[in-house]
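Report on the following structure.
The values are calculated or read from the model by the stated rules, or taken from the named source; none is laboratory data. Remember, it's a predicted structure, so these values are computed and weren't measured experimentally. Because the Cβ atoms are built from the backbone with ideal geometry, glycine has one as well, and the counts that use them run over all protein chains shown.
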Amino acid sequence: MPNSLLQSAKEVILTEAQAVTQLANNLDQSFVEACVLIQNCTGKVALIGMGKSGHIGNKIAATFASTGTPAFAVHP
């Protein structure tokens with residue numbers, strides 16, 4: 001059991017590492033443009049989602065708000 005648990009943990013970490021690498025490789029100029037738009041926003045940043053996306057939007061809005069960027073989430 002301990003070896004299979006250790007092997008499973010290693011496989012999960014390697015899978016997640018591959019996903020992060022793929023994410024980094026997919027970043028392009030549109031990421032920079034989105035960051036600039038958020039940074040220069042003079043109103044509130046709106047996040048919209050339904051279901052799990054809505055819950056994640058709530059968390060992102062809370063993070064923005066706590067770091068000085070006014071934001072709100074719409075989750076029907």
Checklist entry - Exactly one of (1) in contact (Cβ under 8 Å) with a residue 12 or more places away in the chain; (2) part of a helix (DSSP H, G or I); (3) of a type in the set (S, T, N, Q) is unmet by Thr69. Its number? => result (2)
Next on the checklist: Go through region 33-45 and report how many residues are surrounded by 13 or more Cβ atoms within 10 Å (Cβ to Cβ) and either outside any loop (DSSP other than H, G, I, E, B) or free of Cβ contacts under 8 Å to residues at least 24 places away in the same chain (or both).
Outcome noted: 1
Item to check | Unmet criterion (only one of (1) in a strand (DSSP E or B); (2) exposed (fewer than 10 other Cβ atoms within 10 Å of the Cβ)) for Ser30 | outcome: (1)
Checklist entry - Is there a residue being surrounded by 10 or more Cβ atoms within 10 Å (Cβ to Cβ), assigned to a helix (DSSP H, G or I) and either in contact (Cβ under 8 Å) with a residue 12 or more places away in the chain or basic (Lys, Arg) (or both) anywhere in region 1-23? => result yes
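Listed here are the residues, each with its yes/no results for (1) of a type in the set (D, E, K, R); (2) under 15 Å from the mean Cα position of the chain (by Cα); (3) modelled with pLDDT under 95; (4) not assigned by TED's automatic domain parsing to the domain that holds Thr69.
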| residue | (1), (2), (3), (4) |
| --- | --- |
| Ala9 | no, no, no, yes |
| Val12 | no, no, no, yes |
| Thr15 | no, no, no, yes |
| Ala19 | no, yes, no, yes |
| Gln22 | no, yes, no, yes |
| Gln29 | no, no, no, yes |
| Ala34 | no, yes, no, yes |
| Met50 | no, no, no, no |
| Gly57 | no, yes, no, no |
